[in-house]
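The block underneath contains the structure these notes are about, expressed in structure tokens.
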Amino acid sequence: MNVSETIPSTLQELDPGPERIGAHWFSPAPMSVRQLAQAMKNCSARFVTITAYQLPRDEGLCLEYVWDLDGALLAFPFRLAAESIETIYDICEAADWIEREVHEGFAIDFNGRAYEPLLLREGDRIGVNLREEVK
């Protein structure tokens, strides 16, 4: 499958990188995560997950948003300048659980949403389980 023929016109200017680990990787710039979510929703792509990880040498955090479009996995990494990013939950309800999980595990705020406890218990601190250091 030629992924360039599959992606919606709003993403055509994004050059798909090589297929790695079963997914096509795109640099999402200059799109925001909300613009990306809306474009994916408009073409009936299915939200798969968000993977969060801490970058080496204090380079911050990265979130990788993965979508399924007609059987092709499309992945979009977002490096965070701060410890927050806009929510996509109001555009894609399937992002609810994983945004909450990433919030609790990495202390990343998804701006524009309220949180209900997911895995934390009273007295637990946000972000201590999955980050080396929470400032």
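The values are calculated or read from the model by the stated rules, or taken from the named source; none is laboratory data. Everything numeric in this text was worked out from a predicted model, so none of it was measured. No Cβ is skipped: glycine too gets one built from the backbone with ideal geometry, and neighbour counts run over all protein chains shown.
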Q.
Just the residues that are at pLDDT 95 or above and of a type in the set (Phe, Trp, Tyr), please, taken from region 94-112.
A. 110
(Q) Condition first: surrounded by fewer than 16 Cβ atoms within 10 Å (Cβ to Cβ), touching a helix residue (DSSP H, G or I) at 6+ places or on another chain (Cβ under 7 Å) and aliphatic (A, V, I, L, M). Can you find one or more residues in region 53-60 that meet it? (A) no
Q.
Looking at region 85-111, I want the residues that are at positive phi and have a partner that is aliphatic (A, V, I, L, M) and surrounded by fewer than 21 Cβ atoms within 10 Å (Cβ to Cβ) with Cβ atoms under 7 Å, at least 6 apart or on another chain. Which pairs are those?
A. 107/126; 107/134
Q: Tell me which of these residue 11 doesn't satisfy, since it passes every other one: (1) at pLDDT below 90; (2) more than 27 Å from residue 124 (Cα to Cα); (3) surrounded by fewer than 20 Cβ atoms within 10 Å (Cβ to Cβ); (4) not small (Gly, Ala, Ser).
A: (3)
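Which residue, of 110, 78, is in contact with a Cys (Cβ under 9 Å, 6 or more places away or on another chain) and either surrounded by fewer than 18 Cβ atoms within 10 Å (Cβ to Cβ) or under 12 Å from residue 33 (Cα atoms) (or both)?
Step by step, each of 110, 78 is checked, and only 78 is in contact with a Cys (Cβ under 9 Å, 6 or more places away or on another chain) and either surrounded by fewer than 18 Cβ atoms within 10 Å (Cβ to Cβ) or under 12 Å from residue 33 (Cα atoms) (or both).
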**Q.** Only listed residue being among the hydroxyl-bearing types (Ser, Thr, Tyr) and out of contact with any strand residue (DSSP E or B) (no Cβ under 8 Å at 6 or more places or on another chain), chosen from 53, 115
**A.** 115
Q. Restricting the first residue to region 17-46 and requiring it to be within 20 Å of residue 92 (Cβ to Cβ) and modelled with pLDDT of 90 or more, which pairs with a second residue that is assigned to a loop (DSSP other than H, G, I, E, B) and small (Gly, Ala, Ser) meet a Cβ separation below 9 Å and a spacing of at least six or different chains?
A. 34/112; 39/45
Q.
Against the condition closer than 14 Å to residue 33 by Cβ, surrounded by 13 or more Cβ atoms within 10 Å (Cβ to Cβ) and either over 12 Å from the mean Cα position of the chain (by Cα) or modelled with pLDDT under 95 (or both), how does residue 91 come out, does it pass?
A. yes
